[in-house]
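Student: Handing you this structure, nothing more for now.
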Ligand code: SF4
């Protein structure tokens, strides 16, 4: 099946590597991790970021998540029945030399798992990208799917667990299995990375062991999560600020726990911590009500 904008997928399942899906980082020859040990080996042996991302995007190390992501890609949601689904791990996306990294927990079954791009294709992503655009960190106010022309500025996005989990809840074992992908990605980015924004408490908790594995000294006790909470790590030559942000889930935005203004405040905080200058986008939202 081929969508109007070109991505190719198996008619009844996930996109095959290297068959024309926009921004597909993998080819049919990309090595596939089949278990946690192979994740560690393939992550550690990737020679550069593009190779790492390609390997992430074909991983099959978590049987429960592989079965779920591919089942969703075959059955689909009625509203998207005519679309191809990505149905593979959602690799890190955005600048390959970012100053800001945005970390979520896991992609959504009919969001990233459908569109092939992290935080794209559901209500949370709509709110998130609108804020990034206002804050000058994205070139467009919307992110529709891979191949739509959207670009991140100074920024990269990644999920701690690369595959959509049933009920949006990965197990601790699945989170730990996926950790080497994220640790290695952070290691590749570390030279210029100055701020990490964690979307939600789960992403905040998932980050600390990953930072440790990536060679960053982690404070003890670990800092408490909160909206706008800041932890300053690293030395004067390579500072790194970790910032907490309430997750822009549909429930949080509907109930007003997270507003457009609150998101803008955090991303402007990240810009400042990362030393990003100029290109302020459309400007922050005037909605600063809690
Ligand atoms: S969650 Fe991570 S480790 Fe598990 S299959 Fe997906 S990419 Fe691989």
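Nothing in this text is a laboratory measurement; each read-out follows from the coordinates by a stated rule. Predicted model only: the values in this text are computed from it and were never measured. As a convention, Cβ positions derive from the backbone with ideal geometry for all residues, glycine included, and neighbour counts pool all protein chains shown.
Student: Let me have the 222 nm mean residue ellipticity of the chain computed from DSSP H runs of 4+ only, each contributing -39500 (n - 2.57), with the sum over all residues rounded to the nearest 500.
Tutor: So the calculated ellipticity at 222 nm is -10000 deg cm²/dmol.
Student: Report the dimensions of the stretch 115-161 along its three principal axes from the alpha-carbon atoms, largest first, rounded to Å.
Tutor: Answer, in whole Å and largest first: 26, 20, 19 Å.
Student: Now for a different question. Which of 236, 89, 170 ends up with the largest GNM mean-square fluctuation for the chain, with Cα atoms connected below 10 Å?
Tutor: Residue with maximal mean-square fluctuation among 236, 89, 170: 236.
Student: Given axes a ≥ b ≥ c from the Cα gyration tensor, I'd like to know whether the stretch 95-274 is rounded (a/c under 1.5), prolate (a/b larger than b/c) or oblate.
Tutor: rounded
Student: Tell me, what is the percent relative contact order of the chain, built from C-alpha pairs under 8 Å that lie six or more residues apart?
Tutor: Relative contact order, the chain: 18 percent.
Student: Can you compute the FRET efficiency between residue 74 and residue 217 using 1/(1 + (r/R0)^6), with r the Cβ-Cβ distance and R0 = 35 Å? Round to the nearest 0.05.
Tutor: Computed FRET efficiency for residue 74 and residue 217 comes out at 0.20.
Student: Under a plain spin-label model, where a point goes 7 Å from the Cα along Cα-to-Cβ, how far apart in nm are residue 142 and residue 167?
Tutor: Simple spin-label model gives 3.4 nm for this pair.
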